[in-house]
Amino acid sequence: MIQFNIHRFAKVARWSLTNDKSYYMRSLLQMFVFLTLVFLFFTTSFYWLKGADTGYKPCCVVVVMMFFIQVALGPAMMFNSMKGKHDMQALLLLPASNFEKYLMRYATWIFVIGIIVVAYFGADLVQYVFNWLIGNNPQSVTGALFGRLNPFTVNWEAIGSKKVTVINALIILFLWLQSCFALGATFFRSHKYSWIFTLLVLIFLSMVQTWLFPISYENQFDMIHGDAITLLHISDAVYGIWAIVNYWLSYRIFCRTQNIGKFVNI
């Protein structure tokens, strides 16, 4: 069977979105309620700063952190919409290749990002109207967010040539984190808590790495060029290859998934 066919993949996507509709609607409602409560707490008199103008900075911090966490941990949620063995069995029996099924499940976090965006704009509108009704000076969280993240306000000349290296390192870091959580989602059978088990493994690996390769941070900030940049490039290559291996292992484990088992899918 051909590994990828756009028409067959579209049918898998349609099937998945139809079956997971309740999960997406529930996620939308949860995100909307959560963000609305957070925005109202920080922008009304309930917040100790006592003013709508002063409470938008923590709102921006919450929004940015939420999106960063969702992007990093998103692949760990690829099977959260499945309620039991019956849903997994139905997925495995679909007339499509394993790659198409895996790709659709992996893309779940992208749909959740879209849901978070919709919930965010809805919550922003609610807090704006509420603050206007109670007589506060209403402001859009979106406006405050773009005002603080405006790329034209960044002093790129001060950053210099290092900005490309730093951005590249951040991209590699997020790809590696995603690959780890994608591997955890297929390795652990507990879909609801796979991200917790994966996080514990990452913490353990970081502790082992610190023990085996102790790093002195005293002179790290003085090493702007030379060895520091070289080490950063080497680490990018290592983590990039590691991410590819994690994605490959995640896909291979998904292909070997059985409808029986207790803790892991091996």
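The values are calculated or read from the model by the stated rules, or taken from the named source; none is laboratory data. On a predicted model such as this, the values are computed, not experimentally measured, just so you know. Glycine gets a Cβ as well: all are built from the backbone with ideal geometry, and neighbour counts include every protein chain shown. We work out accessible area using only protein heavy atoms, side chains counted, and drop any ligands, DNA or RNA first. Shrake-Rupley method; radii C 1.70, N 1.55, O 1.52, S 1.80 Å.
Among the residues of region 155-162, is any modelled with pLDDT under 75 and closer than 30 Å to Phe42 by Cα? Yes, that holds for at least one residue. Of all the criteria given as (1) on the phi < 0 side of the Ramachandran plot; (2) exposed (fewer than 13 other Cβ atoms within 10 Å of the Cβ); (3) modelled with pLDDT under 90, the one not satisfied by Val117 is (3). Just so you know, in region 12-37 the residues that are in contact with a helix residue (DSSP H, G or I) (Cβ under 7 Å, 6 or more places away or on another chain), among the small types (Gly, Ala, Ser) and under 20 Å from Gln89 (Cβ atoms) include one that is most open to solvent (accessible area, probe 1.4 Å), and it is Ala13. Scanning region 52-87 for residues that are crowded, with 17+ Cβ neighbours inside 10 Å and of a type in the set (Ser, Thr, Tyr) turns up Tyr56, Ser81. When residues in region 32-66 are screened for being modelled with pLDDT of 90 or more and either under 21 Å from Gln178 (Cα atoms) or in a loop (DSSP other than H, G, I, E, B) (or both), 5 of them pass. Checking Leu231, Leu212 one by one, the residue that is farther than 13 Å from Phe187 by Cβ, at pLDDT 65 or above, open to solvent by 100 Å² or more (accessible area, probe 1.4 Å) and not basic (Lys, Arg) is Leu231 and no other.
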